[in-house]
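A short write-up of the structure that comes next.
Nothing in this text is a laboratory measurement; each read-out follows from the coordinates by a stated rule. None of the values given here were measured: they were computed from a predicted structure. A quick note on method: Cβ atoms are made from the backbone with ideal geometry, for glycine too, and the neighbour counts reach across all protein chains shown.
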Amino acid sequence: MSRNASDPPDKVVWRSERIAPITGRDIDDDAEPERLPVFTGRKTVLSGITLLAVGGVLVWVVTSGASEPVTTVARSTPAPAVTDGEPVESPPAESRPVALTVQDARRAHDRYARDLSLAQQEMDDRALGRLERGLALEMSKAAFETARTQGTKVAAGLWPKPEIWVPRDTAGTTDWFVAVAHEPEVARVSKLLTSTPDGWRLTAFTADTHVPAAPLPEIAIDADGYATSLPEDASGLLATPRQAVHAHLASLESATPDRLFADGPWTDQAVTFWRQEREQLEKAGWELSLFYRPVGPVRSLMTSDGGALVWYGARSTDLREARRAGSTVTLNGSAGVRTGGTAFARSASATYGRMYVAYIPPASSGERVRVLGEWSEVLESHGT
């Protein structure tokens, strides 16, 4: 039996910073885990530049207008199961505290945006290495590699002028800041830049392509215009930032909903997708294993209501292994591009880089944690 699997729900908007005219790319109808199908097939022109919502990978084909996976059956040669190893975690980006004003941060962001546009235009990995760090760099390079394999270019566009939030600690220093841009009917994106020994580097990015995008909570600003950073174990919240991160990833890994989190594409809907994927694979004689683990620091800003807006990264692997002979699995989307559309009889896996932004309410609010955006990229895919 041969299974073509579609990518799980939702589309992500590529980090769009290009300033020069560019050629866009048609949208892939495949969706990816923790993404919503309602955003497939949309390409928007913004300020004369093409913005593209790009799909991801995985293993099913979804019929037009359908949210449920559809399985096709064929015979194949029996073969024993083989297990891929777990992915290796990227080292966190180094940082050094510096004195920084909001104006300084905006200049650093604008330089990044300008230079990224050139790196995207040429799909220049070396130039990208001078702009990004850690998991973000790995994910961006992976997107370049997928585009090269496919014989296409990465899409890009010019985002509106962002809002900038610069946090500082009690010493008046900071080593990171956040830029958030929102284009109605397109997406809200957030970029987190971190100070490194080599200068400012992008270390996190998220997008929400819902229409309308869910509003972000108001960031608390002091009399000097600075935000306040919170530690990973900050108290007074429904959960500490570290606890919320681990709970979110544990829920996805186990495909079990967690009542700590509000419903959404990156919480209960992702869990539902993985449950459906597992059920379909089991019917075909395959087993699905999921692995999620955090990568890099957890960055948090205090909100005006006493909550926290939190950015964090993760690496995930979805591994499919045959438990009986007679069926094959074919990966679709970016994972399928990387594996050349091969049908695998023993094992098939895809490893993703993932980034999220979530709001953690105050402990007394009665609200739940809301995941407000994400970025996913296929880092590698394999099969036997």
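Brief remarks follow.
- Across segment 313-328, rounded Karplus estimates of 3J(HN,Hα) from the backbone phi angles (6.51 cos²θ - 1.76 cosθ + 1.60, θ = phi - 60°) give x, 8, 10, 10, 10, 10, 10, 10, 10, 6, 9, 8, 6, x, 9, 10 Hz, Gly and Pro being marked x.
- Per-residue ³J(HN,Hα) for segment 215-231, Karplus 6.51 cos²θ - 1.76 cosθ + 1.60, θ = phi - 60°, Hz, x for Gly and Pro: x, 7, x, 5, 7, 6, 10, 7, 4, 8, x, 9, 8, 10, 7, 10, x
- Asn332 long-range amide H proximity, modeled H, under 5 Å: Ala5, Leu58, Val59, Trp60
- Ordered by the count of other Cβ atoms within 10 Å of each Cβ, fewest first, Val357, Val271, Val178, Val211 give Val211, Val271, Val178, Val357.
- Net charge of the neighbourhood of Val357, taken over other residues with C-beta under 11 Å away and scored Lys/Arg +1, Asp/Glu -1, is +2.
- Two-site FRET efficiency, Ala127 against Ser364, from Cβ-Cβ distance with R₀ of 51 Å, rounded to 0.05: 0.60
- Residue (of Ala220, Ala239, Leu193) at the positive-pole extreme of segment 160-283, dipole from beta-carbon charges: Leu193
- Taking the Cα centre of segment 159-241 as reference, the dipole from Cβ charges on Lys and Arg (+1) and Asp and Glu (-1) amounts to some 200 debye.
- Cα-derived Rg over Rh, computed across segment 322-361 with Rh taken as Kirkwood radius: 1.24
- With the alpha-carbon atoms of segment 267-384 aligned to their principal axes, the span from lowest to highest coordinate is 57, 26, 19 Å, starting with the largest.
- Ratio Rg/Rh [Cα only; Rh per Kirkwood] for segment 210-249: 1.08
- Whole-Hz Karplus values for segment 200-212 come out as 6, 9, 5, 10, 7, 8, 9, 9, 10, 9, 4, 10, x Hz, taken residue by residue from phi with 6.51 cos²θ - 1.76 cosθ + 1.60 and θ = phi - 60°; glycine and proline positions read x.
- Subtracting the Cα-Cα distance of Gln103 and Arg148 from their residue separation scaled by 0.36 nm leaves 12.5 nm.
- Segment 264-326 - percent relative contact order, Cα under 8 Å, separation 6 or more: 34
- Amide H contacts of Ala363 (H built 1.01 Å from N, under 5 Å, at least 5 apart or other chain): Leu237, Leu238
- Amide H to amide H, with H built 1.01 Å from N, Leu100 comes under 5 Å of Thr174, counting only residues 5 or more places away or on other chains.
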